[in-house]
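Student: What follows is a structure written as structure tokens; I'll ask about it next.
The values are calculated or read from the model by the stated rules, or taken from the named source; none is laboratory data. Keep in mind that what you see is a predicted model, and the values were worked out from it rather than measured. Virtual Cβ from ideal backbone geometry, glycine too; neighbours counted across all protein chains shown.
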Amino acid sequence: MNGPSAKQEKILWRALSALAVLVLAAIGLLIFGVVLYTMRLFSSVLLPLAVAGVLACLLSPMVTLLGKWKIKRAPAVALLFVLATIALSVSAALILPVAYSEAVQFFENLPDLVSRLQLAARDFLAAHPALVEQGQQLAEQAKQRLPEYGSAVARYAWSGVVGAFGLAQLFLGLIMIPLYVYYFLLEKETIERRWQSYVPMRNSALRDEVVLALGEINKHLIAFFRGQVLVAVLVGFLTGIGMLAIGLRYAILIGLVAGVLSIVPYLGVVCSLAPALLVAYAQSNGRWGYVALTAGVFGVVQLCEGLWISPKIMGNRTGLHPLTVIVSILVWSILLGGLLGAILAVPLTATLKVLLNRYIWR
């Protein structure tokens, strides 16, 4: 009996190669799923560690600078903690009273703001009766389907009760952040010198390649976090100044919110734009020109951030398109659940890009 022809052997080997690729892909997806499940399971522990890691990356150059002044590392870290505490206390003394006063005024005026918006919505609906009819139809359909979702609502309520215990763990983890930061800074040199020895592989060319890839990923992560915090500070400052320039109420509070939340790309502008527009509408008694002016200030700040601030500070350190950043935040927030996914979205996406660029595209 004759063996397979050359053409049949070629087809057979291609089929086996395709099967091997599918098996490897399935194993990779399984490992990826296990890692995601583990990260979500221990999110209350990983989130404080992630925040501490970011803070350690930001403070590390200052410890290095103190080391150049012949200060040993342990005293340098302690001195840095003292200086950081003083700086935060002074900043809080200058900014927080104003922000707190504006927050109190905002919540005191919130009923009046809501009533004005209700009147505006009522007038709008009176001028568009077709929308009212469509809304009534949707409400009737929802009322008919409400029993179907009763069990789902009960499950979500139970998960919320269970989540309260996770919230307590998260609170304890946040208390531990300063301790994590202290030891990260104290042991930074040891970690940098010896982390390769903790890679669970024997000495080989493959291990050397893994070490090189991890080093490249680490450089991207450090560059991103250091640059993004500075970008967030500038975005918050420019937003607050812009709101003050046009005379909008609660300008400092809006700028503070925009700056803090801009640590996660695009989150600050999304979360601060809507309340700013509502305040502008109520403050101007419904003048759409003032609302457009407020939106224009946000647009100018984002234009400055996109054209000058981020390119100068971040450069091409992550190499991610803005649309990629937005999609990655949404995807990782779903995969990892909430804040942890949003914080790690860009670093994780940049990590995937490094791996794809190193082993697939090139």
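Student: What number of residues in segment 202-246 are free of Cβ contacts under 8 Å to residues at least 24 places away in the same chain, more than 18 Å from Ile95 (Cα to Cα) and either touching a His at 6+ places or on another chain (Cβ under 7 Å) or small (Gly, Ala, Ser) (or both)?
Tutor: The qualifying residues number 3.
Student: Tell me which residues, restricted to segment 252-292, are in a helix (DSSP H, G or I), in contact (Cβ under 8 Å) with a residue 60 or more places away in the chain and of a type in the set (A, V, I, L, M, F, W, C).
Tutor: Answer for segment 252-292, where residues must be in a helix (DSSP H, G or I), in contact (Cβ under 8 Å) with a residue 60 or more places away in the chain and of a type in the set (A, V, I, L, M, F, W, C): Ile252, Leu253, Leu256, Leu267, Leu278, Val279, Ala282.
Student: Quick check on my filter: what residues within segment 233-292 are under 20 Å from Ile326 (Cα atoms), crowded, with 19+ Cβ neighbours inside 10 Å and not aliphatic (A, V, I, L, M)?
Tutor: Gly236, Gly259, Ser262, Pro265, Gly268, Ser272
Student: Then there's this: Could you tell me which residue of segment 56-82 is nearest to the chain's Cα centre (by Cα), considering only residues that are of a type in the set (Gly, Ala, Ser) and within 28 Å of Phe237 (Cα to Cα)?
Tutor: So the residue we want is Ala56.
Student: Further question on the same structure: Among the candidates Gly166, Gly227, Gly160, Gly150, which residue alone is within 21 Å of the chain's Cα centre (by Cα) and modelled with pLDDT under 75?
Tutor: So the residue among Gly166, Gly227, Gly160, Gly150 that is within 21 Å of the chain's Cα centre (by Cα) and modelled with pLDDT under 75 is Gly166.
Student: Looking at Val114, Val104, which one is modelled with pLDDT under 75, part of a helix (DSSP H, G or I) and not small (Gly, Ala, Ser)?
Tutor: Answer to the selection: Val114.
Student: Let me ask something else about it. Just the residues that are surrounded by 10 or more Cβ atoms within 10 Å (Cβ to Cβ) and either in a helix (DSSP H, G or I) or modelled with pLDDT of 70 or more (or both), please, taken from segment 194-206.
Tutor: Within segment 194-206, Arg194, Trp195, Gln196, Leu206 meet the criteria.
Student: If you don't mind, there's one more thing I want to ask. Please find, within segment 293-311, the residue that is nearest to Leu248 (Cα to Cα) out of those that are modelled with pLDDT of 80 or more and of a type in the set (S, T, N, Q).
Tutor: Restricting to residues being modelled with pLDDT of 80 or more and of a type in the set (S, T, N, Q), the top hit is Thr294.
Student: May I ask you to verify whether Leu330 is at pLDDT 75 or above, touching a Ser or Thr at 6+ places or on another chain (Cβ under 7 Å) and surrounded by fewer than 19 Cβ atoms within 10 Å (Cβ to Cβ)?
Tutor: Judged against the criteria, Leu330 is not a match.
Student: Which members of segment 67-95 meet the condition of being free of Cβ contacts under 8 Å to residues at least 60 places away in the same chain and closer than 14 Å to Glu189 by Cα?
Tutor: Within segment 67-95, Gly67, Lys72, Ala76 qualify.
Student: Has segment 83-105 got any residue that is within 13 Å of Val181 (Cα to Cα) and within 27 Å of the chain's Cα centre (by Cα)?
Tutor: yes
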